[in-house]
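Asks: Before I ask anything, here is the structure I am working with.
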Amino acid sequence: MDPVIRLSKVTVRYRNNGRGFLTAVAGVDLSVMPEEFVSIVGKSGCGKTTLLKVIAGLIRPDEGEVFLNGHAFNGSKKKIGVMFQSPLLLPWRTILKNILLPIEILGENPEDYVERALMLIERTGLKGFENSYPWELSGGMQQRAALCRALIHKPLLLLLDEPFSSLDAITREEMWILLESVFLYEKYTTVLVTHDIREAVLLSDRVIVMSGKPGKIKAEVKIPFSRPRSLDLQYTKEFNEYVAEIKNMLGE
């Protein structure tokens, strides 16, 4: 079985304020298999988000190759769903119309996706708010809408760039369980970038640990817990052993 996404010897450099080039990530090899949930953790500046942008096709590597389903990836927006740190909902559009926005961008008929949008709205606990505007919803509810928007076109790959970092602790945990339930129902392949080690361990099949300057993959940790997972998993000895192991790797 081919990986959904495969990075081979990927290196990315940025111009450093006229002082030459700064290598953000160097020689990264990474594969993500179908229906796998992989998290990338590391300290600030280690290249996590740069790597996610490469996977999304938003930037091209200076060296190395990116493959999607075994073929060279051309950055097709139709195959990727992305959820950012902020919901980025358009304030003049209703929640339903925000969710359908990617369909318009892809040049397809939004009416063909209304049924799917309403299904996602119900599954994420937004039923009754489809005709509301973003400013009428809490931050957590806005991120639920952003998740629906990322999934509306049935992408091969869902990319999450610290989507819950701005939420309060209780809402963040609610979003973890929501994401877990949608992950099990939709069976999508997912890559999450996060600073939160507990979030990574709770949600992931594998956690990729990055070192920085330049960003490289330092280690990977397989998380063996069966699904579905609940918040109670956080209070087990085994869970906290994985959290401690990854935290120690980041501190080395």
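Each reported figure results from applying straightforward, stated rules to the coordinates on display, with no laboratory input. In this text, all values refer to a predicted model and were calculated from it rather than measured experimentally. Here the Cβ positions follow ideal geometry from the backbone for every residue, glycine too, while neighbour counts run over all protein chains shown.
Asks: Using +1 on the beta carbon of Lys and Arg, -1 on that of Asp and Glu, and nothing else charged, what's the dipole of region 5-251 about the Cα centre, debye to 20?
Replies: Details: 32 positive and 29 negative charges, 183 e Å.
My answer is approximately 880 debye.
Asks: Grab the DSSP H runs of the chain that are 4 residues or longer, score each as -39,500 (n - 2.57), total them, divide by all residues and round the 222 nm result to the nearest 500 deg cm²/dmol. Before the final figure, lay out each step's value.
Replies: Details: 8 runs with 82 residues, N = 252.
Result for the chain, helices only: -9500 deg cm²/dmol.
Asks: Among the trypsin sites (Lys or Arg not before Pro) in region 97-128, which ones are in a DSSP loop with at most 16 other Cβ atoms within 10 Å of the Cβ? Mind listing them? Let's see the in-between values first.
Replies: Working: sites: 97, 116, 123, 127; in loops: 127.
Passing both the DSSP loop test and the Cβ count: 127.
Asks: OK, next. Once you keep just the Cα pairs under 8 angstrom separated by 6 or more residues, what percentage relative contact order results for the chain? Let's see the in-between values first.
Replies: Working: 481 pairs, mean separation 65.9, N = 252.
Computed over the chain, the figure is 26 percent.
Asks: Still on this model: Once you list every other residue whose beta carbon is under 14 Å from the beta carbon of residue 182, what net charge do they have if Lys and Arg are +1 and Asp and Glu are -1? Before the final figure, lay out the partial values.
Replies: Details: positive: 116, 123, 144, 149, 154, 187, 227, 229; negative: 35, 122, 174, 180, 186.
Combined, the nearby Lys, Arg, Asp and Glu give +3.
Asks: With θ set to phi - 60° and the Karplus curve 6.51 cos²θ - 1.76 cosθ + 1.60, what are the ³J(HN,Hα) couplings of region 104-120 in order, to the nearest whole Hz, using x for Gly and Pro?
Replies: Taking θ as phi minus 60°, the curve returns 5, 4, 7, x, 9, 7, x, 4, 6, 10, 4, 4, 5, 4, 5, 5, 5 Hz for region 104-120.
Asks: Moving on to the next point. First select every other residue whose beta carbon is under 15 angstrom from the beta carbon of residue 241; then total the charges, Lys and Arg +1, Asp and Glu -1.
Replies: Details: positive: 198, 222, 237, 247; negative: 238, 245.
Residues close to residue 241 contribute a combined charge of +2.
Asks: What ranking do 102-110, 38-46, 176-184, 156-164 get when scored by the average of other Cβ atoms within 10 Å per residue, highest first?
Replies: Values: 102-110: 13.8, 38-46: 20.3, 176-184: 18.0, 156-164: 21.9.
For the peptides 102-110, 38-46, 176-184, 156-164, the packing ranking is 156-164, 38-46, 176-184, 102-110.
Asks: Excluding residues on the same chain fewer than 8 positions from residue 222, give the aspartates and glutamates whose Cα lies under 14 Å from its Cα.
Replies: List returned: 36, 205, 238, 241, 245.
Asks: Straight distance only, please: which lysines reach the Cα of residue 77 with their own Cα at less than 24 Å, same-chain residues fewer than 8 apart left out?
Replies: Partners found: 9, 48, 53, 97, 154, 187.
Asks: List the GluC sites (Glu not before Pro) within region 12-76 that fall in a DSSP loop (any state other than H, G, I, E or B) and whose Cβ has at most 14 other Cβ atoms within 10 Å.
Replies: Values: sites: 35, 36, 63, 65; in loops: 35, 36.
Those that pass, being in a loop and sparsely packed, are 35.
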